[in-house]
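Q: First, the structure itself, so that you have it in front of you.
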Amino acid sequence: MMTAGRVTNLYDLMDAAYDAREISQMSERLGHVPIIDVNPRRDKDLKEERDREARALSIGHSFQGNAGSACSGHADWASAFQRRYD
């Protein structure tokens, strides 16, 4: 790996397709910080939460486009997003 010798890699950024414990563990063994989007797979609650977030986001955007500024739709999405990452 020529690139690995010239670059200091601190993070591994991956989409949800790479959300597997083995991949995160390998990243950590290499001394990297894995940043991997969550893949809900068979977790029904997580799928429902992501659907609610997506709906709230689209509502926030429609309010913002119609009213000129974000209103309750955006606030609902922001609070759901914040709860997820607290």
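The values are calculated or read from the model by the stated rules, or taken from the named source; none is laboratory data. None of these values were measured; they are calculated from a predicted model. Don't worry about glycine lacking a Cβ; one is built from the backbone with ideal geometry, like all the others, and counts go over all protein chains shown. To get the accessible areas, we keep the full protein, side chains included, count just its heavy atoms, and leave off ligands, DNA and RNA. Shrake-Rupley method; radii C 1.70, N 1.55, O 1.52, S 1.80 Å.
Q: Apply 1/(1 + (r/R0)^6) to the Cβ-Cβ distance of ARG42 and TYR11, taking R0 = 35 Å, and write down the FRET efficiency to the nearest 0.05.
A: It comes out at approximately 0.80.
Q: What length, rounded to one decimal in nm, is gained on full extension from ARG50 through to HIS32, with 0.36 nm per residue of separation minus their alpha-carbon distance?
A: 3.8 nm
Q: Measuring with a 1.4 Å probe in the full set of protein chains, what accessible area per residue, in whole Å², belongs to segment 17-61?
A: The answer is 76 Å² per residue.
Q: Excluding PRO34 itself, calculate the net charge of residues whose Cβ lies under 15 Å from the Cβ of PRO34, where each Lys or Arg counts +1 and each Asp or Glu counts -1.
A: -4
Q: Quick one: Debye curve from the alpha-carbon atoms of segment 10-64 only, equal weights, vacuum; give me log10 I(q)/I(0) at q = 0.13, 0.29, 0.30 Å⁻¹ to two decimals.
A: Per q value, in the given order, log10 I(q)/I(0) is -0.47, -1.03, -1.06.
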